[in-house]
Amino acid sequence: MAKPKLRIVPLGGLGEIGKNMTAFELGNDAIIIDTGIMFPNNDMLGVDYIIPDFRYLLDRKDLKIHGLVYTHGHEDHTGAVAHVVEQFKGVPIYATPLTAGLIEVKLIDAKLINHTTINVIKAGEKFNVGPFKLESFHVCHSIPDCVGYGIHTPHGLIVHTGDYKFDNTPVDGRKPDYAKLAQFSQEGVMLLMADSTNADKPGWTPSEAVIDGAFEEVFRNAKGRIMVATFASLISRIQQVVNAAQKHGRKIAFAGHTMTENVKMARRLNILKVPDDMIIDLGRANTLEPHKVVVMITGSQGEPSAVLSKLAMGTYRALEVNPGDTVIVSAHPIPGNEESVSRTINKLFQRGANVIYDPILPVHVSGHGSQEEMKMMLNLVRPRYFMPVHGELRHLHQHSRIAVEMGIPEKNIFVVENGMVLEVDKYGVRKGERVPGGYVFVDGASVGDIGKSVMRDRELLARDGFVIISATVDKHNGKLIGEPEIITRGFIYMRDADDLMKQMKNTITQVINSGSSKTATVRTKCKTASAVCCSMRPNAARWCLASSTRSNAGRVGLMHQAPSVISDRGATQRVAPLFYGD
Ligand SMILES: [Zn+2]
Ligand SMILES: [Zn+2]
């Protein structure tokens, strides 16, 4: 019997930065590498995060998934783990110690920890998952314990880099596994799948070590407290802050739930080294002399619910920013977050803090390799075929250009988007069918209930606000009972619009009280009333009828858009739908 083809099914991470997820199939056997989330753009109102659309895997009832294999602990690689475990109960997980620890925290939170087993692997280890022989190799990135994978298949060796950069002076001292990459190339690599995030950045990405210099400068000069905001998963950065604090005789406190939990977990795994007597709680941080204190906080992306924003707003109870404090924002804004980050920084300055951020000082460097590192990866691995992954389309195309420069024939390079299957057999690699590979929005507890049309409504609401007219109508004579009620949000300031409201009420009363009593006519009358009201405020266009009469004294609702109010952070706070029916 002919060996089944290898099918590579990218379900996320291609054509976007985030929600990385790829399935590898041999006949009916499959593994999945990474199950990430993506953070919403500014125009995805009210969406908490986005997970990959893995409907295809659910539809393939014949497919046996043997394992969820992880490259590293970042959200864009692990964030959807609970959603996937929920659908594929019993499928085991494979990850390095820190990644496993971060995944465990998520699964405990989601009460799904008993539905999988987490197998902890070491970088460099070989292990089998179903018919796939995996060989992990250590790479440097911006979180410890990152690996890429060599995947041995009957049709050749596939190398998946995960997120990487070639950092020769990493914080934890663990250098990239050049030897393993060279060994792969000796064996012959069929296909390389490599991180494209920085494909448009020339040169080399600086080592994490340059941050030490910047921290040193800040710590030497700061007279008051120092607060450092970064990603809670950036354990190596936390270590750098700890080292600087130790050197300058400062104690350290941790603020924010994920930050505190991750620090506990990373210390338990001995990945983060902080002497016991250095750690203080936030209460002590307020009473110690300012120049003896560092506080590590979350919220480097300006997220409203995280510590940094609350400090900027003055709403964080356990701590406040005082004049003379130094705040370091040790992260770059993820595309789309620039606005909220600058707003937060401005507010911190307003409170008298000295805020340090890149490019003021290099207090953050990228965790992804730039063009020269991409060339080096291609030269080390020497693949026959190449598939750029992890990046927007522009990054994937740039990366493919680099591969052409490195001598890979253009016909052997596959720039594909999510859902485009690649097939591999002894003849080579080619494009296969297309499967769904879109977005699934997660909004609070609701997964996938929100689609494009809801998003469109939210955009309209955010732009126009809404108006609801509620009127009680006598079923028999079609006349109004009492006064019509008008509710608006994001439309006009009611207290200053007495005249308009009076006018609207009069119009509604007049229109409804004229003519016959049939329900349909009441509906038509409401439409007429709304049209007349609209003409009073030309920007209040689309009104619609929300309900009609059914009972004796039915209530008629008129609605302009669906309900939503813009809060000051540009995101929306939703108001319960205010449909008035009978
Ligand atoms: Zn990453
Ligand atoms: Zn990533």
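The values are calculated or read from the model by the stated rules, or taken from the named source; none is laboratory data. In this text, all values refer to a predicted model and were calculated from it rather than measured experimentally. Note: ideal-geometry Cβ built from the backbone for every residue, glycine included; neighbour counts use all protein chains shown.
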field: residue 118 of a type in the set (Val, Ile, Thr) and without any contact (Cβ under 8 Å) to a residue 40 or more places away in the chain
entry: yes
task: Kindly establish whether residue 103 is more than 16 Å from ligand 1 (Cβ to nearest atom), out of contact with any Leu (no Cβ under 8 Å at 6 or more places or on another chain) and within 21 Å of residue 267 (Cα to Cα).
output: no
message: Restricting to the stretch 1-15, name every residue that is in a strand (DSSP E or B) and either closer than 25 Å to residue 146 by Cβ or within 14 Å of ligand 2 (Cβ to nearest atom) (or both).
response: 6, 8, 9, 10, 11, 12, 14
query: residue 23 is checked against (1) part of a strand (DSSP E or B); (2) at positive phi; (3) not charged (D, E, K, R) and fails just one. What number does that condition carry?
result: (2)
query: Looking only at residues in the stretch 282-308 that are closer than 24 Å to residue 236 by Cβ and of a type outside the set (A, V, I, L, M), which one is surrounded by the fewest Cβ atoms within 10 Å (Cβ to Cβ)?
result: 303
field: Options 307, 329; residue that is among the hydrophobic types (A, V, I, L, M, F, W, C) and within 22 Å of residue 214 (Cα to Cα)
entry: 329
statement: Selection from the stretch 139-154 of residues surrounded by fewer than 22 Cβ atoms within 10 Å (Cβ to Cβ) and within 15 Å of ligand 1 (Cβ to nearest atom) yields none
Test: residue 18 is under 16 Å from the mean Cα position of the chain (by Cα), within 16 Å of ligand 1 (Cβ to nearest atom) and either at positive phi or surrounded by fewer than 19 Cβ atoms within 10 Å (Cβ to Cβ) (or both): yes
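For the condition in a strand (DSSP E or B) and more than 16 Å from ligand 2 (Cβ to nearest atom), what is the one hit in 191, 181?
The unique qualifying residue is 191.
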field: Qualifying helices (runs of 4 or more DSSP H) (wholly inside the stretch 324-407; at least 1 residues being under 21 Å from the mean Cα position of the chain (by Cα))
entry: 338-350, 393-405
statement: Inside the stretch 408-442, the number of residues satisfying the requirement of being among the β-branched types (Val, Ile, Thr), closer than 19 Å to residue 11 by Cβ and in a loop (DSSP other than H, G, I, E, B) is 3
statement: Within the stretch 21-59, residues within 16 Å of ligand 1 (Cβ to nearest atom) and closer than 23 Å to residue 131 by Cα come out as 21, 22, 33, 34, 35
field: Options 93, 37: the member that is among the β-branched types (Val, Ile, Thr), crowded, with 20+ Cβ neighbours inside 10 Å and more than 17 Å from the chain's Cα centre (by Cα)
entry: 93
- request: Considering only the stretch 317-344, state which residues are among the β-branched types (Val, Ile, Thr) and either crowded, with 20+ Cβ neighbours inside 10 Å or not assigned by TED's automatic domain parsing to the domain that holds residue 237 (or both).
  value: 321, 326, 327, 328, 329, 341, 344
message: If I filter the stretch 402-412 down to residues being surrounded by fewer than 19 Cβ atoms within 10 Å (Cβ to Cβ) and touching a residue at least 12 places away in the same chain (Cβ under 8 Å), which single residue comes out as nearest to ligand 2 (Cβ to nearest atom)?
response: 406
- prompt: Going by the structure shown, is residue 442 in contact with a strand residue (DSSP E or B) (Cβ under 6 Å, 6 or more places away or on another chain) and at pLDDT 85 or above?
  reply: yes
message: So, residue 126, is that one more than 26 Å from the chain's Cα centre (by Cα) and away from ligand 1 (no atom under 16 Å from the Cβ) or not?
response: yes
query: So, in the stretch 18-75, of the ones that are over 24 Å from residue 154 (Cβ atoms) and polar (S, T, N, Q), which residue ends up modelled with the lowest pLDDT?
result: 42
query: Which of the residues belonging to the stretch 60-88 are farther than 26 Å from residue 335 by Cα and within 16 Å of ligand 1 (Cβ to nearest atom)?
result: 69
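Here's the yes/no breakdown for (1) modelled with pLDDT of 95 or more; (2) of a type in the set (Gly, Ala, Ser); (3) surrounded by fewer than 18 Cβ atoms within 10 Å (Cβ to Cβ):
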{"residue": "129", "(1), (2), (3)": "yes, no, no"}
{"residue": "133", "(1), (2), (3)": "yes, no, yes"}
{"residue": "160", "(1), (2), (3)": "yes, no, no"}
{"residue": "179", "(1), (2), (3)": "yes, yes, yes"}
{"residue": "182", "(1), (2), (3)": "yes, yes, yes"}
{"residue": "190", "(1), (2), (3)": "yes, no, no"}
field: Hits in the stretch 53-91 (condition: of a type in the set (Ser, Thr, Tyr) and either farther than 30 Å from residue 367 by Cα or more than 14 Å from ligand 2 (Cβ to nearest atom) (or both))
entry: 56
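Can you confirm whether the stretch 348-365 contains a residue that is under 30 Å from residue 191 (Cα atoms) and in contact (Cβ under 8 Å) with a residue 24 or more places away in the chain?
For the stretch 348-365, residues under 30 Å from residue 191 (Cα atoms) and in contact (Cβ under 8 Å) with a residue 24 or more places away in the chain: present.
So which of 450, 492 ends up being farther than 30 Å from residue 21 by Cβ and in a loop (DSSP other than H, G, I, E, B)?
The unique qualifying residue is 492.
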- prompt: Consider residue 399 against the criteria (1) away from ligand 2 (no atom under 16 Å from the Cβ); (2) out of contact with any Leu (no Cβ under 8 Å at 6 or more places or on another chain): it satisfies all of them except one. Which criterion is unmet?
  reply: (1)
statement: Within the stretch 106-159, the count of residues that are in a strand (DSSP E or B) and either more than 14 Å from residue 25 (Cα to Cα) or not β-branched (Val, Ile, Thr) (or both) comes to 24
task: With respect to residue 18, determine if the residue is within 24 Å of residue 194 (Cβ to Cβ) and either out of contact with any strand residue (DSSP E or B) (no Cβ under 7 Å at 6 or more places or on another chain) or in a loop (DSSP other than H, G, I, E, B) (or both).
output: yes
message: Given the options 381, 363, 389, name the one that is crowded, with 20+ Cβ neighbours inside 10 Å, under 30 Å from residue 308 (Cβ atoms) and either of a type in the set (A, V, I, L, M, F, W, C) or not assigned by TED's automatic domain parsing to the domain that holds residue 250 (or both).
response: 363
Residues of the stretch 370-396 satisfying the condition of being in contact with a His (Cβ under 9 Å, 6 or more places away or on another chain) and within 16 Å of ligand 2 (Cβ to nearest atom): 374, 388, 389, 390, 391, 396
